[in-house]
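Inspection log for the structure reproduced underneath, given as structure tokens.
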Amino acid sequence: MNADESKTSFKELLKKGNTSSALAAIGNTGVAIVKGVAAGFTGSGAMFASAMHSTADAVNQAFVFAGSVLSEKKPTRRFPTGFGRVINLFCMVAVIVVTVMAYETIREGFHLLSHPSESHGFWLNLAILLLSIAVDGFVLIKAMKEIVHEARVEAKGAAVIPAAFRNVGRAAPPTRLVFYEDLVATTGAFLALIAVVVTSLTSFTLLDGISTILIGFLMIAVAFRVGYDNMVGLIGVSAPPEVEEKVAKIIFSNANVTDIYQLRVMQEGRYYHVDGLIELKPGLTLADADDIKFKVRDSLLQDRDIADVTIGIIEDNGVRDWHPSEGKQ
């Protein structure tokens, strides 16, 4: 019986895992294998760099999916605030993988600048890079839609693209990683495509090494950005102002709440932890005030992005403490 429950629990966790990272891991694994074989046959440095990038992406996104599954585990007595920050640890491992792959790519690029080699198999390279652009582009669009969904933003069609760029900071860590990596992967595939076409049609073989180095530096940019985001997440970061405003709006929806004396909303993974002190109308009995507190807490917990709520109550002090644009003053 316990074994069955354990299996069911594991299946439920898998379903809650980050869809974008799972899809990206599968897609990039296939693309990395094809690119690696093509780089071996054709000797293209740009194709080698692109293969390294796809390999790094596949490994990272598999790690991140595993982390997103583990981060969905319920809080326990030993870990009462849950496992939300586990995903940040997994993303930091992914950053190390990207950095190592970037170093190897840049080194190969400088080697190609010193010893340019003539690549062959133009049509094979062209077909594979077009396939890579299609796969990475599909995953990138999927990640953009996921960002819009997680940020609770209304956007359809072409409007998804600017909305995703504006709200990427509000997405879950794995979705952000997939977005950044596939943005660079798609750009890198375009660079590799240009290098393959130019080196095949002209004698400018140095472009192969130049594009390889550029792809390596793009990978470093991703590693830096993702590493910074997850370092901040591990330390503990406050929620974006829009989320804090949404929390305040839910609290003020109760007619008995007159002010918010103190409010702290912390982001952990893709969930938020609310800790606040609210002011109630004067003259309420302790029993009524207690009921109001629990109603406010329950209202907040109805939001699927809020993991836990700690609310304290005091009587209205006659001073306006909550300012929407600035929070507690």
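The values are calculated or read from the model by the stated rules, or taken from the named source; none is laboratory data. Quantities reported herein were computed from a predicted structural model and do not represent experimental measurements. With ideal geometry, Cβ positions are generated from the backbone for all residues, glycine too; neighbour counts draw on all protein chains shown.
Quick check on the range 290-306. Is at least one of its residues part of a strand (DSSP E or B), under 36 Å from the mean Cα position of the chain (by Cα) and touching a residue at least 12 places away in the same chain (Cβ under 8 Å)?
So in the range 290-306, the residues part of a strand (DSSP E or B) come out as 306.
Of the ones still in play, those that are also under 36 Å from the mean Cα position of the chain (by Cα) are 306.
Filter once more, so that each one left must be touching a residue at least 12 places away in the same chain (Cβ under 8 Å): 306.
Yes, because at least one residue in the range 290-306 is part of a strand (DSSP E or B), under 36 Å from the mean Cα position of the chain (by Cα) and touching a residue at least 12 places away in the same chain (Cβ under 8 Å).
Out of everything in the range 25-54 that is of a type in the set (Ser, Thr, Tyr) and touching a residue at least 60 places away in the same chain (Cβ under 8 Å), what residue ends up being surrounded by the most Cβ atoms within 10 Å (Cβ to Cβ)? Full working, then the answer.
Filtering the range 25-54 for residues of a type in the set (Ser, Thr, Tyr) gives 29, 42, 44, 50, 54.
Subset that is touching a residue at least 60 places away in the same chain (Cβ under 8 Å): 42, 44, 50, 54.
On the way: THR42: 21, SER44: 33, SER50: 35, SER54: 28.
Here the residue is SER50.
Specify which of the listed residues (PRO162, PRO174) is without any contact (Cβ under 8 Å) to a residue 40 or more places away in the chain and part of a helix (DSSP H, G or I). Break it down into steps so the answer makes sense when it comes.
Values: PRO174 fails: without any contact (Cβ under 8 Å) to a residue 40 or more places away in the chain.
Testing whether each residue is without any contact (Cβ under 8 Å) to a residue 40 or more places away in the chain and part of a helix (DSSP H, G or I) leaves just PRO162.
Would you check which residues across the range 228-249 are under 15 Å from TRP322 (Cβ atoms) and surrounded by fewer than 16 Cβ atoms within 10 Å (Cβ to Cβ) and list them?
PRO241, GLU245, LYS249
For the list (1) modelled with pLDDT of 80 or more; (2) surrounded by fewer than 21 Cβ atoms within 10 Å (Cβ to Cβ), I need the number of the one condition that VAL265 fails.
Going through (1) modelled with pLDDT of 80 or more; (2) surrounded by fewer than 21 Cβ atoms within 10 Å (Cβ to Cβ) one by one, VAL265 breaks only (2).
Give me a count of the residues in the range 69-86 that are in contact with a Phe, Trp or Tyr (Cβ under 8 Å, 6 or more places away or on another chain) and buried (at least 20 other Cβ atoms within 10 Å of the Cβ).
Selection size over the range 69-86: 3.
When the range 115-133 is examined, which residues are found to be in a helix (DSSP H, G or I) and either surrounded by 14 or more Cβ atoms within 10 Å (Cβ to Cβ) or in contact (Cβ under 8 Å) with a residue 60 or more places away in the chain (or both)?
Narrowing the range 115-133 to residues in a helix (DSSP H, G or I): 122-133.
Matches in the range 115-133: PHE122, LEU124, ASN125, LEU126, ILE128, LEU129, LEU130, LEU131, SER132, ILE133.
What are the residues in the range 36-50 that are modelled with pLDDT under 80 and closer than 22 Å to ILE96 by Cβ, if any?
Result: PHE48, ALA49, SER50.
Kindly indicate whether any position in the range 199-214 is over 30 Å from GLU108 (Cα atoms) and surrounded by fewer than 22 Cβ atoms within 10 Å (Cβ to Cβ).
Scanning the range 199-214, I find no residue that is over 30 Å from GLU108 (Cα atoms) and surrounded by fewer than 22 Cβ atoms within 10 Å (Cβ to Cβ), so the answer is no.
Return the total of residues in the range 265-289 being part of a strand (DSSP E or B) and within 27 Å of the chain's Cα centre (by Cα). Walk me through it before giving the result.
The initial filter retains those residues of the range 265-289 that are part of a strand (DSSP E or B), namely 265-268, 271-280.
Still in the running and within 27 Å of the chain's Cα centre (by Cα): 265-268, 271-275.
Of the residues in that region, 9 qualify.
For ALA94, state whether it is within 13 Å of the chain's Cα centre (by Cα) and assigned by TED's automatic domain parsing to the domain that holds LEU191.
Values: within 13 Å of the chain's Cα centre (by Cα): yes; assigned by TED's automatic domain parsing to the domain that holds LEU191: yes.
Answer is yes for this residue.
Report, by residue number, each residue of the range 283-298 that is at pLDDT 90 or above and not aliphatic (A, V, I, L, M).
Matches in the range 283-298: ASP288, ASP290, ASP291, LYS293, PHE294, LYS295, ARG297, ASP298.
Among the residues of the range 59-83, how many are outside any helix (DSSP H, G or I) and either among the basic types (Lys, Arg) or within 13 Å of the chain's Cα centre (by Cα) (or both)?
First, the residues of the range 59-83 that are outside any helix (DSSP H, G or I): 71-83.
Then drop every residue that is not either among the basic types (Lys, Arg) or within 13 Å of the chain's Cα centre (by Cα) (or both), which leaves 73-74, 77-78.
The qualifying residues number 4.
Identify, please: which residue in the range 307-329 is touching a helix residue (DSSP H, G or I) at 6+ places or on another chain (Cβ under 9 Å) and of a type in the set (D, E, K, R) and is, among those, modelled with the lowest pLDDT?
ASP308
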